[in-house]
Amino acid sequence: MKLLFVADPLEGFKTYKDSTFAMMREAHVRGHELFACEARHLRWQRGGKVTALSRRFTVTADPHDWFVPEARADAVLAEMDAVLMRSDPPFDSEYFYATHLLEQAEREGAKVFNRPAALRNHPEKLAILEFPQFITPTLVTRDGAQVRAFHAEHRDIILKPLDGMGGMGIFRVGPDGLNLGSIIETLNKHGAQTLMVQRYLPEITQGDKRILLIDGEPVPHALARIPQGSEIRGNMAVGGKGVAQDLSARDREIASQIGPILAARGLLLVGLDVIGDCVTEINVTSPTGFQEITQQTGFDVARTFINALERHALAK
């Protein structure tokens, strides 16, 4: 198969932990042809089809000098067997525009994973609102007075921006309400921006679990990202320690309810973030955790994902 990865620059990949790299390596081992471009390389012109200035490449055995590229050339997305949208967040205007170009490519015959419309329809913070039975008390608002009322009710809360990634912009405010006003102003820009507020979950000390769903089915191990020191965030980007662990009965219950629904919408790969018994985010842009889970448990996540990709890409 010919696989086009729409991703961040290959030169910046951290091959020891990058999940997109794990996908590429597994696909290369199977003999698939690999192509890569950035979202900024997508293009459409009347009379033609969506193309991308891309480069074919092969994967080497050297983790530092890991790919050998060919010269860049225009590739028609509809002529690929699969297009994988793996650009990292944030989900900004340019990401939004890229999903529209990818959706046009779908109309021309391309198979895109995850589906562009599904990417747009599942913003990673707000997608949890569809599943209130699995979330902690949550408020989404621009109104500072409503945030204050939420704090008065729940006493210990987390505040976060809707467009953050890697733990960026997350604050905890305890019963004393210290700095609540300043934090509200920082996040809502004096009422100009919407934020999310949630009751603090003390189970974060045991880790913020990443549960990977592949074609609606959960990988049998989660990656618990455990905060270190005085940090309240478990994100690996801010120093959280990743520990793979078997899914709990509650994890499986959550996955069994959410997984098939999202898979039916064209989300081949999803990362559920779960603290304790509650889902806190649904990641669909470029879920990670492949390598850590595989290294610690022996379960080959990349193999499982490429198996699913092949089934869908080769289906009539």
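Some observations on this one:
- Of the residues 269, 164, 84, the one whose Cα sits farthest toward the positive end of the charge dipole of the chain, with +1 on the Cβ of Lys and Arg and -1 on the Cβ of Asp and Glu, is 84.
- Degrees, to the nearest 10: 93-107 long Cα axis against longest axis of the chain: 40 degrees
- Mean Cβ count within 10 Å, highest first, over the residues of peptides 148-156, 102-110: 102-110, 148-156
- Take each peptide in 51-57, 228-234, count the other Cβ atoms within 10 Å of every residue, and average; sorted highest first, the result is 51-57, 228-234.
- Percent RCO, i.e. relative contact order, over the range 137-200, from Cα pairs under 8 Å lying at least 6 residues apart: 50 percent
- Assigned charges on the beta-carbon of Lys, Arg, Asp, Glu; the range 203-301 dipole about Cα centre (debye): 140 debye
- Diffusion coefficient, µm² s⁻¹, Stokes-Einstein with Kirkwood Rh over alpha-carbon pairs of the range 54-128 at 37 °C and 0.692 mPa s: 231 µm²/s
- The label point for residue 142 and the one for residue 245, both projected 7 Å from the Cα toward the Cβ, are 4.0 nm apart.
- Under the convention that each Lys and Arg Cβ holds +1 and each Asp and Glu Cβ holds -1, the size of the dipole of the range 137-200 around its Cα centre is about 60 debye.
- Pairs of alpha carbons in the range 137-200 whose separation is greater than 14 Å (percent): 47 percent
- Value of [θ]222 nm, deg cm²/dmol, for the chain, DSSP H segments ≥ 4, -39500 (n - 2.57) each, nearest 500: -8500 deg cm²/dmol
- Comparing the range 2-114 with the 2.2 N^0.38 Å rule of thumb, its C-alpha radius of gyration ratio is 1.03 (two decimals).
- In this structure, the amide hydrogen of residue 58, modeled 1.01 Å from its nitrogen in the peptide plane, lies closer than 5 angstrom to those of 68, counting only residues at least 5 positions away or on a different chain.
- Inter-site label distance for residue 155 and residue 217 at 7 Å from Cα along Cβ, in nm: 4.5 nm
- Pairs of Lys residues in the chain are counted when their Cα atoms are under 30 angstrom apart and they lie 8 or more places apart or on different chains; the count is 27.
- In sequence order, calculated HN-Hα J values of the range 74-85 (Karplus, 6.51, -1.76, 1.60; Hz; x Gly/Pro): 5, 10, 7, 4, 5, 8, 7, 7, 7, 10, 10, 8
- Chain lengthening between residue 299 and residue 315 when straightened (0.36 nm per residue, less Cα-Cα): 3.2 nm
- Gyration tensor over alpha-carbon atoms, the chain, equivalent ellipsoid semi-axes in Å: 35, 22, 18
- Simple point charges give the picture: +1 on the Cβ of Lys and Arg, -1 on the Cβ of Asp and Glu, and for the chain a dipole about the Cα centre of about 440 debye.
- Separation between Cα centres of the range 219-260 and the range 269-285, rounded to whole Å: 8 Å
- Counting only alpha carbon atoms, the long axis of helix 144-154 and the longest principal axis of the chain meet at about 70°.
- Taken along the Cα-to-beta-carbon direction at a fixed 7 Å, the label points for residue 126 and residue 107 span 2.3 nm.
- Gain on full stretching of the segment that runs from residue 30 to residue 2 - 0.36 nm per residue minus C-alpha separation: 8.9 nm
- Every Cα-Cα pair of the range 203-301 was included, and the share exceeding 18 Å stands at 41 percent.
- Taken one residue at a time, the phi angles of the range 187-203 give Karplus couplings (6.51, -1.76, 1.60, θ = phi - 60°) of 8, 9, 6, 6, x, 8, 10, 8, 10, 10, 10, 9, 5, 4, 10, x, 5 Hz. Gly and Pro are set to x.
- Rounded Å value of the spacing that divides the Cα centres of the range 192-212 and the range 129-187: 10 Å
Read-outs throughout are calculated quantities, based only on the coordinates presented, and are distinct from any laboratory measurement. Note that the coordinates shown come from a computational prediction; the quantities given were computed from them, not determined experimentally. Cβ sites come from the backbone with ideal geometry, for glycine too, and all protein chains shown count toward neighbours.
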